[in-house]
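All remarks here apply to the structure that follows.
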């Protein structure tokens with residue numbers, strides 16, 4: 001039995017079921033509460049305690065980390081603004097093709113100070129073993145990594161590379177649309193109709209989509225979009 005702070009107890013089998021129900025089956029705490037026959041706070045405290053025991057307090061979870069990924073995540077929307085957490089994951093298994101990435105930690109906030117403090121809390125030997133840091137274009141993360149992981153190479157992760165390239169393509173398309181027609185795109189406009197097709201990887205295009213792009217690029221007025229797209233589409237996984 002697992003004693004909890006409020007005096008209630010849960011069996012290890014019940015605790016395992018609760019964690020699997022939340023993580024794998026995506027049940028709510030309320031549904032888990034009903035299944036276990038305990039109060040909401042009892043179930044929630046038990047899951048948090050087990051998660052800390054299995055994940056956070058596991059001394060081996062930082063072993064063998066050579067590549068890390070850093071990104072922010074909005075965990076709550078409020079009237080005063082979004083609430084962020086900084087997410088740090090281990091990408092070493094992905095690089096070595098030995099398995100999926102692993103969650104290392106989540107820290108409240110999104111800033112240079114948040115990441116720098118987290119990195120500074122790791123042993124020097126661990127920091128020296130990190131070879132690559134993948135992140136988005138946020139300057140705060142890049143600066144923190146440069147200061148605390150001087151031996152690591154900072155790169156932009158593929159997701160953000162593709163997104164930035166796609167954003168640049170959209171800006172180009174809208175600019176050409178405005179120049180040619182003096183207005184935003186409409187359903188009948190070739191550039192507007194092809195907006196989603198332009199974001200499709202070259203190897204994923206259907207025959208119909210290829211024909212649409214060929215017709216679009218046959219017009220010399222669309223050459224700027226074609227030039228931007230030709231550098232964009234092969235990058236899409």
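The values are calculated or read from the model by the stated rules, or taken from the named source; none is laboratory data. Keep in mind that this is a model prediction, so the values were computed, not measured. With ideal geometry, Cβ positions are generated from the backbone for all residues, glycine too; neighbour counts draw on all protein chains shown.
Here are a few things to note about the model shown:
This table checks each residue for (1) within 17 Å of residue 145 (Cα to Cα); (2) assigned by TED's automatic domain parsing to the domain that holds residue 146; (3) surrounded by 15 or more Cβ atoms within 10 Å (Cβ to Cβ).
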{"residue": "26", "(1), (2), (3)": "no, no, no"}
{"residue": "78", "(1), (2), (3)": "no, yes, no"}
{"residue": "87", "(1), (2), (3)": "yes, yes, yes"}
{"residue": "96", "(1), (2), (3)": "no, yes, no"}
{"residue": "101", "(1), (2), (3)": "no, yes, yes"}
{"residue": "107", "(1), (2), (3)": "yes, yes, yes"}
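- Considering 220, 224, the condition of being farther than 30 Å from residue 116 by Cβ, touching a residue at least 40 places away in the same chain (Cβ under 8 Å) and over 29 Å from the mean Cα position of the chain (by Cα) is satisfied by 224 alone.
- Test: residue in region 165-177 that is under 23 Å from the mean Cα position of the chain (by Cα), surrounded by 13 or more Cβ atoms within 10 Å (Cβ to Cβ) and free of Cβ contacts under 8 Å to residues at least 40 places away in the same chain: yes
- Filtered by the rule that a residue be assigned to a loop (DSSP other than H, G, I, E, B) and in contact (Cβ under 8 Å) with a residue 40 or more places away in the chain, region 78-131 gives 91, 122, 130, 131.
- Any hit, region 56-65, residues being surrounded by 12 or more Cβ atoms within 10 Å (Cβ to Cβ), within 24 Å of residue 162 (Cα to Cα) and touching a strand residue (DSSP E or B) at 6+ places or on another chain (Cβ under 9 Å): no
- Of the residues screened, residue 33 is one that is at pLDDT 85 or above and either in a helix (DSSP H, G or I) or loosely packed, with under 11 Cβ neighbours inside 10 Å (or both).
- Only a single criterion out of (1) at negative phi; (2) in a loop (DSSP other than H, G, I, E, B); (3) assigned by TED's automatic domain parsing to the domain that holds residue 138 is not satisfied by residue 62, namely (3).
- If you check 72, 50 for being in contact (Cβ under 8 Å) with a residue 40 or more places away in the chain, within 19 Å of residue 137 (Cα to Cα) and touching a strand residue (DSSP E or B) at 6+ places or on another chain (Cβ under 9 Å), only one passes: 72.
- Filter result for the condition that a residue is surrounded by 13 or more Cβ atoms within 10 Å (Cβ to Cβ), in a helix (DSSP H, G or I) and at pLDDT below 90, over 228, 212: 228
- Qualifying residue in region 147-156 (condition: under 30 Å from residue 62 (Cβ atoms), modelled with pLDDT of 95 or more and assigned to a helix (DSSP H, G or I)): yes
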